[in-house]
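Down below is the structure, laid out as structure tokens.
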Amino acid sequence: MANFTGFTCVGCRAPYGPGEDLLLCPVCHNLLEANYDLPGLRASLDRDAVAARSSGVWRWRELLPVVNDKAIVTLGEGDTPMLRCDRLARVVGVRELWVKSDASNPTGSLKDRSITVSATKAVEFGYRVLSCDSTGNKASSVAAYAARAGLDSVVFCPDDTPIPKVTQALFFGAKLIRVRGHYSQINAMYRKLIHSGQVSWYDCGTDNPFRYEGKKTYAYEIAEHFGWQPPDRVVHPANGGMSVAKAWKGFRELQALGWTDRVPKMTLVQAANCDPIVRASDAGASTVAPITKGPTVASALAGADPGLLGARALEAVRESGGVAVGVEDRETFEAMEMLAREGLFIEPSGAVAIAGLRRLRAAGKVDADECVVCVVTGSGFKDFDAIASRVVIPDEVVSDYAELVAAALAVG
Ligand SMILES: Cc1ncc(COP(=O)(O)O)c(C=O)c1O
Ligand SMILES: [Zn+2]
């Protein structure tokens with residue numbers, strides 16, 4: 001695995017070796033970006049041979065920043081379903097629409113794609129405890145991968161995090177620290193703690209440059225699915241913007257490897273009440289300013305200050321010719337119902353991808369002729385109460401065959 005050659009700081013361009021245990025750049029505190037020997041891999045790695053390996057994130061191990069294969073911590077994440085949805089395509093008004101359901105990951109959300117990599121690095125570096133701050137999904141993923149590796153975990157979540165997410169984390173054995181405040185306030189305190197050196201936990205949060213690399217496997221899976229001809233557009237929900245930024249990195253790497261010759265337009269969706277990246281995009285800014293967060297049903301996306309990663313997501317949208325859009329809760333619920341009609345049970349924060357596409361198409365910012373992949377990022381079971389309020393369980397209970405027949409005939 002000498003293909004991973006180390007990191008470059010995106011700010012001061014300082015280089016770091018592949019064996020270093022780093023979060024942000026020690027010099028300028030900017031983000032680190034992993035590098036690979038792409039010219040060497042272009043000559044030695046056959047895309048079809050890689051594609052033929054058994055499924056999951058670790059199929060792409062030459063393109064992941066792992067030094068020791070034996071350290072890999074996996075629950076079978078990645079290679080999530082790609083579902084062609086023709087009815088939904090007609091409703092939204094695009095030629096071809098595919099839903100990639102990351103709800104099918106082991107803990108029910110996209111987070112497993114990246115936490116498998118950070119958990120692996122924790123084992124490589126010899127840590128005993130994994131930690132993160134989280135709107136809920138990352139916490140349950142960190143707890144699960146810690147359990148799988150035989151490690152402990154500590155997670156910090158807003159006090160109003162959906163119960164299923166914290167329940168999952170606790171059941172996996174995490175120590176949960178509930179914090180009053182919204183995610184960005186907690187993120188600021190958590191990062192201060194980690195960088196203070198008072199704890200020696202392995203941070204699986206927003207500063208971990210190894211973790212980012214797991215996110216780019218979206219690009220590999222999507223490109224491979226289309227016979228290495230990526231679709232016109234990939235639509236993804238965003239909180240801090242890591243997923244959009246790193247999926248974009250993945251598409252660029254595929255070009256550098258000579259495996260693809262086109263890239264999709266990266267399209268980012270936030271909740272209209274908490275949309276700092278969308279505002280920065282609309283304003284033509286190159287950095288993302290914090291905003292005052294409003295209430296939203298998309299609780300996993302409630303980051304008011306995306307910080308450095310937000311700027312990278314913005315860059316991905318611009319460079320790819322994509323767009324960023326905010327959606328109202330009403331549109332998110334409609335999108336969840338549209339997904340349900342395709343048999344998909346998706347949490348609000350995951351369904352915004354469909355709501356965003358629909359809004360952009362209606363505004364003429366997406367062409368009718370496009371082939372689009374919407375990534376839906378979390379299971380409906382993760383935010384169950386938000387969905388339970390949308391259905392009515394009948395009061396009536398039948399108690400014999402005659403009543404059962406009458407009820408059956410009544411429902412048609
Ligand atoms: C369900 C869901 N979708 C999307 C995201 C967005 O993640 P990112 O921070 O990569 O933008 C999150 C993050 O918490 C999430 O939980
Ligand atoms: Zn630097």
Expressed as a whole-number percentage, the relative contact order of segment 51-196 with C-alpha contacts under 8 angstrom and at least six residues apart is 18 percent
Full extension between Asp21 and Glu396 adds, at 0.36 nm per residue less the Cα distance, a length in nm of 129.0 nm
Env charge @ Leu75, Cβ radius under 9 Å, K,R +1 / D,E -1, value -1
XL table Lys165/Lys249; Lys100/Lys265; Lys192/Lys265; Lys175/Lys216; Cα-Cα > 27 Å flagged, in table order, is Lys165/Lys249; Lys192/Lys265; Lys175/Lys216
Around Thr332 (Cβ within 12 Å, Cβ-to-Cβ, excluding Thr332; K/R +1, D/E -1) the net charge comes to -3
Rounded to the nearest 500, the 222 nm mean residue ellipticity computed for the chain from DSSP H runs (n ≥ 4, each -39500 (n - 2.57)) alone is -12000 deg cm²/dmol
For the chain, longest principal axis from Cα atoms; helix 111-125 axis from its Cα atoms; angle between them, nearest 10 degrees, is 30 degrees
Going fewest to most other Cβ atoms within 10 Å around each Cβ, Trp228, Trp248, Trp58 line up as Trp228, Trp58, Trp248
Fewest to most Cβ atoms within 10 Å: Leu357, Leu404 sort as Leu404, Leu357
Total charge of the residues flanking Gly240 in space, meaning their Cβ is under 10 Å from its Cβ, with Lys and Arg +1 and Asp and Glu -1, is 0
In degrees, nearest 10, the alpha-carbon axis of helix 401-411 is tilted away from the dominant principal axis of the alpha carbons of the chain by 70 degrees
Full extension between Leu83 and Ala14 adds, at 0.36 nm per residue less the Cα distance, a length in nm of 20.6 nm
Percent relative contact order for segment 26-124, counting Cα pairs under 8 Å at least six residues apart, stands at 26 percent
The residues Ile177, Ile115, Ile393, sorted from fewest to most surrounding Cβ atoms within 10 Å, come out as Ile393, Ile177, Ile115
Output for segment 18-66: GluC sites (Glu not before Pro) sitting in coil per DSSP, at most 13 other Cβ within 10 Å, listed by number, reads Glu20
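Any read-out appearing in this document is the output of simple, stated calculations on the displayed coordinates, not a laboratory observation. Computed from a prediction, not measured in an experiment: that's the story for all the values here. Heads up, the Cβs are rebuilt from the backbone with ideal geometry, glycines too, and the neighbour counts pull from every protein chain shown.
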